[in-house]
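Worksheet for the structure shown next.
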Amino acid sequence: MLRGHSGSAPRGVYLHFHGGAWVLGNARLDDGWNADMVRACNVTAVCGDFHLAVDDRLEQTIEDAVAITRWVLDHLPELQAERIIIGGESSGAHLAAIALIRLAAKRSINPVAGFLSFCGAFDMQGSASLRAAGETSLVIDARSALENLKRLTQGMSDHAHRSAELSPCYADLKKMPPALFIAGALDPIVDDSRKMYERWQEFNGNAELIVVPEAPHGFERLPTCLASKAKAYAREWMKERLT
């Protein structure tokens, strides 16, 4: 957990789920990025360690994300905050979205002021852009990414792949908070962000999509002007949501 040092109460909480294709990484992976959020937005950043599905138990990973999100919502007073932004990168954005959807079906998510996604993965069947990507894809190998999805969802029917319990882009997204989707134009899973944006906008009319030209998957981690501008925009968006 990272807290601001401005001397004033935090604007809110930023709950972040790290990427890593559901099988890699840990809560410390994005300390640098989250520290920037803390300083620029005066928020408390919370990052949860969840089960890594190296054993193919993806449902356990999802249940951990739901439990982490529930805990933050239940403990906002102790965190000296009233509002929360939830989001993540790649598979982390998937976990954040699934957690929101599952919790919204059982309780109020009114404290959630926004959803922030970088290069999110929202279609567990594999989006059109991932299936069409060739061997020249950058940063992630499209064929390996598709095989990882197949492994994590082995034995599931097409109907199960398209269920709200697994693929957020097929869910009922009514009453979701404002959302910002940022993706790279060269990302094999760019269609995940496009489809999720279209669905979110259709249900709520409060989504925004930025597709960054010439940017691959995970471009926000690269030392480029495009990455700096995208992250700066995300910080300003977050501050507006928490005002």
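The values are calculated or read from the model by the stated rules, or taken from the named source; none is laboratory data. As the structure is a computational prediction, the values presented were derived from the model and not from experiment. Methodologically, a virtual Cβ is constructed for each residue, glycine included, from the backbone with ideal geometry; neighbour enumeration extends over all protein chains shown. Just so you know, the surface numbers come from the protein's heavy atoms only, side chains and all, with ligands and any DNA or RNA stripped out. Shrake-Rupley method; radii C 1.70, N 1.55, O 1.52, S 1.80 Å.
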Legend entry - Long-range neighbours under 8 Å by Cβ, at least six apart or interchain, first residue more than 18 Å from LEU209 (Cα to Cα) within the stretch 166-188, second of a type in the set (Ser, Thr, Tyr) and at pLDDT 95 or above: none
Inset, instruction - Restrict the check to the stretch 87-95 and report whether at least one residue is at pLDDT below 95 and either of a type in the set (Val, Ile, Thr) or under 21 Å from PHE17 (Cβ atoms) (or both). - result: no
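Okay, residues lined up against (1) modelled with pLDDT under 95; (2) surrounded by fewer than 19 Cβ atoms within 10 Å (Cβ to Cβ); (3) aliphatic (A, V, I, L, M):
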position: ALA121; (1), (2), (3): no, no, yes
position: SER127; (1), (2), (3): yes, no, no
position: ALA132; (1), (2), (3): yes, yes, yes
position: LEU146; (1), (2), (3): yes, yes, yes
position: GLN154; (1), (2), (3): yes, yes, no
Inset, instruction - Could you please find all residues in the stretch 156-174 being among the hydroxyl-bearing types (Ser, Thr, Tyr) and surrounded by fewer than 16 Cβ atoms within 10 Å (Cβ to Cβ)? - result: SER157, SER163
Legend entry - Candidates PHE181, PHE219, filtered to the one that is closer than 21 Å to ALA99 by Cα and open to solvent by less than 50 Å² (accessible area, probe 1.4 Å): PHE181
